[in-house]
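Remarks on the structure that follows.
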Amino acid sequence: MYLNCHTYYSLRYGTFSEEALLRLARGHGITRLALTDINNTSAGLNFVRRAPEFDVTPLLGIDFRNGIDPCFVGIARNNEGYFELNRFLSRHLHEKAPLPARAPNFSNAFVIYPFEKVLLHGMADFAPYEFIGVSLRDLRRLPFSRLVERRDRLVVLQPVTF
């Protein structure tokens, strides 16, 4: 399952429409897919509506960023989780304040922090809903970092983007 997929609503970071993303998933045998556009949820409704046509189980979330700086990815566990993520994003966009390094305590959403951010901010303790996202480029450094001991918290976080 891909946890960080962008459409063209992730301005400058995605070129796919929701349908093109779903078509690509079906063509590669992907049956579950998380749409996490950057600071945006515009494609969510159409993505969920169209996903059954492509035999894809849709998940929704948000790739939270300060400009081009990735902070964390939130993935809703259910409708309440999607509401939590949207409420947090709306507050952030309305207040024009930078996103925090650590996500709030979401009750119904998973949070994935980029490997680099976990190292940079010295994060050590993780709630049951928090994970560390490792990209392909991070794999060389993982065996030499303290995070190698946190295998229970590691997930692959390789964005599907342009």
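Annotations
- The angle separating the long axis of helix 79-95 from the principal Cα axis of greatest extent in the chain is about 70 degrees.
- Legend: Rg and Dmax of the stretch 76-162, from Cα coordinates, 14.2, 41 Å.
- Placing dummy labels 7 Å off each Cα toward the beta-carbon, the span from residue 15 to residue 107 is 4.3 nm.
- For residue 24 and residue 135, the FRET efficiency from 1/(1 + (r/R0)^6), where r spans their Cβ atoms and R0 equals 22 Å, is about 0.70.
- Sequence-distant contacts, meaning Cα pairs under 8 Å at least 6 residues apart, place the relative contact order of the stretch 95-162 at 30 percent.
- Rounded Å value of the spacing that divides the Cα centres of the stretch 1-47 and the stretch 90-115: 20
- Principal-axis analysis of the Cα atoms of the chain puts helix 18-27 at an angle of about 80° to the longest axis.
- Electrostatic dipole magnitude of the chain [Cβ: Lys, Arg +1; Asp, Glu -1; Cα centre; debye, to 20]: 260
- From phi via Karplus (6.51, -1.76, 1.60), per-residue ³J(HN,Hα) for the stretch 107-119 in Hz, x at Gly/Pro: 7, 10, 8, 8, 10, 10, 9, x, 2, 4, 5, 4, 5
- Electrostatic tally near residue 97: other residues with Cβ closer than 15 Å to its Cβ, Lys and Arg +1, Asp and Glu -1, net +3.
- Were the residues from residue 55 through residue 149 laid out at 0.36 nm apart, the gain over their Cα-Cα distance would be 30.2 nm.
- Look at the alpha carbon pairs under 8 Å that are at least 6 residues apart: their mean separation over the length of the stretch 1-42 gives a relative contact order of 55 percent.
- Dipole orientation for the stretch 52-162: of the candidates 82, 61, 132, 132 has the Cα lying most toward the positive pole (charges on Cβ; Lys, Arg +1; Asp, Glu -1).
- Taking label points 7 Å from Cα along the Cα-to-Cβ direction, residue 46 and residue 116 give a separation of 3.0 nm.
- Mean ellipticity per residue at 222 nm, deg cm²/dmol - from DSSP H runs of n ≥ 4 across the chain, formula -39500 (n - 2.57): -7500 deg cm²/dmol
- Candidates 136, 85, 99, ranked by Gaussian network fluctuation over the chain, Cα under 10 Å, top entry: 136
Bear in mind these aren't lab numbers, they're just calculated from the coordinates by the rules spelled out. Just so you know, these numbers come straight off a predicted model, no measurement behind them. Don't worry about glycine lacking a Cβ; one is built from the backbone with ideal geometry, like all the others, and counts go over all protein chains shown.
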